Amino acid sequence: MAINTNRDSMTANFNNTDPNKLGLLNALFVTSFFTLVYVVFSLVFYSFQFLPLLLFDALLFVFCYFVFRYTLDKFIYSKIKLIYKTIHNLKVSKGDEKPSEITAATIENVSLEVQKWGEGQQREIENLKEMARYRREFLGNISHELKTPIFLISRLCAHPSGWWLGGSQYQ
């Protein structure tokens with residue numbers, strides 16, 4: 001149980017991150033790893049020099065930051081674009097307007113679009129549930145209304161006196 005709680009807290013820490021923070025964090029990890037490797041090899045094989053290490057770390061950090069940031073931006077943009085196109089295709093299939101070209105400005109507003117779409121879907125689901133409830137209630141009422149006269153007719157037909165055929169009511 002403690003493992004799930006720890007994992008949930010780690011997930012919560014990454015929920016509010018943006019590509020800048022993730023790029024910095026990943027660049028820091030890569031730079032730290034290569035710094036550790038450089039220090040170990042320089043101490044084992046030759047003398048340790050601080051200036052080349054500092055220069056190498058700075059260049060590596062800047063390079064990794066921009067590479068990670070660029071790839072994260074492209075990845076996120078492609079996923080949001082896919083979601084946005086899917087929503088627009090669903091709208092078009094229902095007779096709404098044709099989707100316009102997706103730009104960076106529309107990607108920024110995708111959260112509002114998804115929220116509006118979700119609310120519309122939720123209203124539609126509630127409407128379908130209400131209609132299903134009415135259907136069940138209607139079928140129950142019809143069933144009751146049909147069973148009552150049929151039951152009475154079957155009882156009258158099964159009555160031994162046969163009064164409906166002209167027999168005496170009391171025997």
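Figures for the structure shown
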| read-out | value |
| --- | --- |
| Matching residues, the stretch 41-54, being of a type in the set (A, V, I, L, M, F, W, C) and either in contact (Cβ under 8 Å) with a residue 24 or more places away in the chain or loosely packed, with under 11 Cβ neighbours inside 10 Å (or both) | LEU43, VAL44, PHE45, PHE50, LEU51 |
| Cβ pairs under 8 Å, 6+ apart, first in the stretch 83-96 and within 15 Å of LYS116 (Cβ to Cβ) and modelled with pLDDT under 70, second surrounded by 12 or more Cβ atoms within 10 Å (Cβ to Cβ) and not basic (Lys, Arg) | LYS91/PRO99; LYS91/TRP117 |
| Only one of GLY140, GLY118 that is modelled with pLDDT of 70 or more, surrounded by 10 or more Cβ atoms within 10 Å (Cβ to Cβ) and within 22 Å of the chain's Cα centre (by Cα) | GLY118 |
| Single unsatisfied condition, ILE102 versus (1) part of a loop (DSSP other than H, G, I, E, B); (2) of a type in the set (Val, Ile, Thr); (3) modelled with pLDDT of 75 or more | (3) |
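The values are calculated or read from the model by the stated rules, or taken from the named source; none is laboratory data. Worth saying up front: this structure is predicted, and the values here are computed from it rather than measured. Counting neighbours? That spans all protein chains shown, and the Cβs are built from the backbone with ideal geometry, glycine included.
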